[in-house]
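Inspection log for the structure reproduced underneath, given as structure tokens.
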Amino acid sequence: MAEKDISKAVIVRLPRYYRYLGELMEDGVERISSNELSVRMKVTASQIRQDLNNFGGFGQQGYGYNVKYLYTEIGNILGINRQHNVIIIGAGNLGQAIANYTNFEKRGFLIKGMFDVNPRLIGLVVRGVEIRSVDDLETFVKENEVQIAALTIPKTKAPEIADRLVSAGIKAIWNFAHTDLNVPEDVVVENVHLSESLMRLSYRVCSMQDNEKKENEEKQEKKD
Ligand code: NAI
């Protein structure tokens with residue numbers, strides 16, 4: 001099924017299904033009902049059925065879902081059973097942390113090259129990947145069938161580098177720089193902002209604390 005046929009909201013949830021199904025496989029679980037999956041994932045069973053029905057007939061009445069089959073199908077939909085060649089632009093703290101994380105490879109994301117402008121970094125090797133001069137970017141992209149570029153550079157530099165990547169033929173940008181990129185329609189951008197995630201966490205923890213405080217005050221008032 002083509003990506004355009006599945007709603008964006010479902011696509012956003014698929015990696016979580018994939019992760020849970022992977023864990024079930026590791027635990028030796030061969031099949032699971034939507035109710036059991038619902039308890040594990042803390043999502044309603046009807047949401048699970050609705051989401052997975054998008055792919056047609058994965059579940060069977062009275063049998064549940066075949067874990068391995070579903071895992072493989074979701075992997076196919078997400079395209080992670082294929083290899084994606086990735087480059088990292090900006091070999092500083094974040095760029096090197098990404099290069100050092102081995103799990104991306106297990107998902108088919110192969111770090112092929114890293115690029116920087118800092119002469120002190122150029123020539124260094126991070127987990128087998130050489131840091132090259134950003135001057136070599138276009139040639140490298142053309143010669144190495146690169147599909148995805150991770151941007152871990154200052155936000156002021158991101159638009160120019162994004163333009164260069166697009167001109168070189170890159171169709172997917174994993175953007176960590178805190179700026180929105182203007183790219184043509186046929187280029188996809190996934191923005192990752194840890195600070196936004198932290199702010200959401202802050203909101204949730206603050207509202208929890210405020211509610212607790214309010215409840216305690218109400219209890220105290222009743223006592224008084
Ligand atoms: P860093 O300063 O350690 O690394 C940035 C690297 O980019 C440096 O090595 C620098 O020489 C290089 N660079 C600068 N201009 C370049 C260019 N035109 N081409 C290639 N390389 C260039 O900074 P850090 O901590 O690794 O952060 C990198 C970026 O990621 C920053 O923009 C930061 O705000 C952002 N960031 C985003 C996060 C997120 O969740 N989205 C989390 C942490 C950092």
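The values are calculated or read from the model by the stated rules, or taken from the named source; none is laboratory data. The structure presented is a predicted model; accordingly, all values stated were derived computationally and were not measured. Cβ placement follows ideal geometry from the backbone for every residue including glycine, while neighbour counts extend to all protein chains displayed. When the accessible area is computed, the model is the full protein with side chains, heavy atoms only, and any ligands, DNA or RNA have been set aside. Shrake-Rupley method; radii C 1.70, N 1.55, O 1.52, S 1.80 Å.
Can you work out the FRET efficiency for the pair Ile80 and Val187, with r the C-beta to C-beta distance and R0 = 22 Å, to the nearest 0.05?
0.65
To the nearest 0.05, how large is the calculated FRET efficiency for Lys42 and Asn211 if R₀ is 30 Å and r is the Cβ-Cβ distance?
Here the calculated transfer efficiency is 0.90.
What would the Debye equation give as log₁₀ I(q)/I(0) for region 42-199 at q = 0.19 Å⁻¹, counting only Cα atoms as equal point scatterers?
-1.15
Under 12 Å from a point placed 7 Å out from the Cα of Leu110 along the Cα-to-Cβ direction: which residues of region 145-160 have their backbone N that close?
Only 145-147 pass the distance filter.
Tell me, in nm to one decimal, what length is gained between Asp163 and Asn93 on full extension, where the rule is 0.36 nm per residue of separation less the Cα-Cα distance?
Working: separation 70, 0.36 × 70 = 25.20 nm, distance 2.33 nm.
Stretched fully, the Asp163-Asn93 segment lengthens by 22.9 nm.
If one takes the longest principal axis of the Cα atoms in the chain, at what angle in degrees, from 0 to 90 and to the nearest 10, does the Cα axis of helix 8-26 lie?
80 degrees
Inverting the mean 1/r over all pairs of different Cα atoms, compute the Kirkwood radius of region 3-78 and quote it in Å. All intermediate terms of the calculation are to be shown ahead of the outcome.
On the way: mean 1/r = 0.0812 Å⁻¹.
Over region 3-78, the inverse of the mean reciprocal pair distance is 12.3 Å.
In region 180-224, which GluC sites (Glu not before Pro) are in a loop and have at most 15 other Cβ atoms within 10 Å, using DSSP for the loop call?
Answer in residue order: Glu185.
Extension gain Thr156-Asn118, at 0.36 nm per residue separation less the Cα-Cα distance, in nm? If you can, show how the numbers build up before the last one.
Working: separation 38, 0.36 × 38 = 13.68 nm, distance 1.59 nm.
Going from the current span to full extension adds 12.1 nm.
Treating only the Cα positions of region 66-131 as identical point scatterers, give the base-10 log of I(q)/I(0) from the Debye formula at each q in 0.16, 0.18 Å⁻¹.
Taking Cα atoms of region 66-131 as identical point scatterers yields -0.58, -0.67.
Build a GNM of the chain with springs between Cα atoms under 10 Å: which of Val205, Val146, Val183 gets the top mean-square fluctuation?
Val205
Which value, in Å², gives the accessible area per residue of the chain when a 1.4 Å probe is used on the protein heavy atoms?
That works out to 65 Å² for each residue.
If a/c stays under 1.5 just call it rounded; otherwise compare a/b with b/c (prolate if a/b is bigger, oblate if not). Do that for region 1-135, with a ≥ b ≥ c from the square roots of the Cα gyration tensor eigenvalues.
Values: a/c = 3.17, a/b = 2.59, b/c = 1.23.
Because a/c hits 1.5 or more and a/b exceeds b/c, region 1-135 counts as prolate.
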